[in-house]
Amino acid sequence: MSRDAQEEDVKQVYGEIASAYEVLFPVLHRYEGRVERFLAEAVTPGCRVLDVGCGPGLHTRGLDASIDVVGVDLSPEMLELARQGRPEGAWHVHSYHRPFPEEWGRFQVVLAIGCLDFCEDLPRVLSHLAATLAPGGRMLFTVLEQRPGFEGHEASTREVQTAGPAVTLHLYSFEDTARAVVEAGMQPRDYVHAPGWVQLAEERTMWFGWWDVERG
């Protein structure tokens, strides 16, 4: 299946669950305050924040009005919810597999939480994300981490059946992710292997590599 076809499937899945996403969010995710702690440390008055795979904009909705928030997602339905929650934000349909428009400028903070599960070329995507960061800018991103012997995380890809089309998850080892970070011109500040989201059909928690990185 082509990348465009896969992204259409992801767009359909998230469009269909958009109206229920905020209700499902506490059930599906186990982020344990990591995003909030990162934002509290990294966001400063008047800075610019890029929220990649923003969904309904839950992570950035409550940021101070002085913060310039730009969000991207594949699902117009999710973006409409984000727009309703933070009307002063800028919300765009965009794929992280493609470079971000230069006219959007640079950002001091970037989030890519729970969205790189569908990334089939991590080095390329991290280079696109790094290009959006201002020097010294910070990014918090997650990847599903491939770990031999860790149930559900052994292979580099995993197909998940949804209520709509099946979607393919992509998993990356710690070493592959670390290499991609450095090749993209960023340096790791912090890392933890921790819960991500709950796959309800199998009653399995999917685990992330959580990466806090900085552009030099």
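The values are calculated or read from the model by the stated rules, or taken from the named source; none is laboratory data. Just so we're clear, the structure is a prediction, and the values are computed from it rather than from any experiment. Here the Cβ positions follow ideal geometry from the backbone for every residue, glycine too, while neighbour counts run over all protein chains shown. We work out accessible area using only protein heavy atoms, side chains counted, and drop any ligands, DNA or RNA first. Shrake-Rupley method; radii C 1.70, N 1.55, O 1.52, S 1.80 Å.
Per-structure values
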quantity	calculated
When residues of segment 1-45 are limited to those that are among the charged types (D, E, K, R) and outside any helix (DSSP H, G or I), the one nearest to L63 (Cα to Cα)	E32
Where V72 falls short, out of the listed (1) open to solvent by less than 70 Å² (accessible area, probe 1.4 Å); (2) in a helix (DSSP H, G or I); (3) touching a helix residue (DSSP H, G or I) at 6+ places or on another chain (Cβ under 9 Å); (4) under 27 Å from Y172 (Cβ atoms)	(2)
Enumeration of residues in segment 108-122 that are of a type in the set (A, V, I, L, M) and either open to solvent by less than 10 Å² (accessible area, probe 1.4 Å) or modelled with pLDDT under 95 (or both)	V109, V110, L111, A112, L116, L122
Flag for T162 being within 21 Å of S95 (Cβ to Cβ), surrounded by fewer than 16 Cβ atoms within 10 Å (Cβ to Cβ) and of a type in the set (S, T, N, Q)	yes
Failed criterion for V125 (all others in (1) in contact with a helix residue (DSSP H, G or I) (Cβ under 9 Å, 6 or more places away or on another chain); (2) surrounded by fewer than 22 Cβ atoms within 10 Å (Cβ to Cβ); (3) part of a helix (DSSP H, G or I) hold)	(2)
Criterion violated by G137 - all others in (1) in a strand (DSSP E or B); (2) open to solvent by 50 Å² or more (accessible area, probe 1.4 Å) satisfied	(2)
Which numbered condition V23 misses (of (1) open to solvent by 70 Å² or more (accessible area, probe 1.4 Å); (2) within 21 Å of T205 (Cα to Cα); (3) under 18 Å from the mean Cα position of the chain (by Cα))	(3)
Which numbered condition G105 misses (of (1) at pLDDT below 95; (2) on the phi > 0 side of the Ramachandran plot)	(1)
Unique residue being out of contact with any Pro (no Cβ under 9 Å at 6 or more places or on another chain) and touching a residue at least 40 places away in the same chain (Cβ under 8 Å) when the list is R138, R106, R124	R138
Positions within segment 198-216 being over 13 Å from H153 (Cβ atoms), open to solvent by 10 Å² or more (accessible area, probe 1.4 Å), touching a residue at least 24 places away in the same chain (Cβ under 8 Å) and not small (G, A, S), in sequence order	V198, L200, D212, E214, R215
Segment 37-58 - residue that is free of Cβ contacts under 8 Å to residues at least 60 places away in the same chain and out of contact with any Gly (no Cβ under 9 Å at 6 or more places or on another chain) and, of those, surrounded by the fewest Cβ atoms within 10 Å (Cβ to Cβ)	P45
Among (1) at negative phi; (2) at pLDDT 95 or above - the single one V167 does not satisfy	(2)
Residues satisfying the stated conditions in segment 46-69, i.e. part of a loop (DSSP other than H, G, I, E, B) and over 21 Å from G196 (Cβ atoms)	G46, C47, G62, L63, D64, A65, S66, I67
Any hit, segment 181-194, residues being open to solvent by 30 Å² or more (accessible area, probe 1.4 Å), modelled with pLDDT under 95, in a loop (DSSP other than H, G, I, E, B) and out of contact with any Asp or Glu (no Cβ under 6 Å at 6 or more places or on another chain)	no
Qualifying position, being among the small types (G, A, S), closer than 19 Å to D51 by Cβ and in contact (Cβ under 8 Å) with a residue 24 or more places away in the chain, among A131, A180	A131
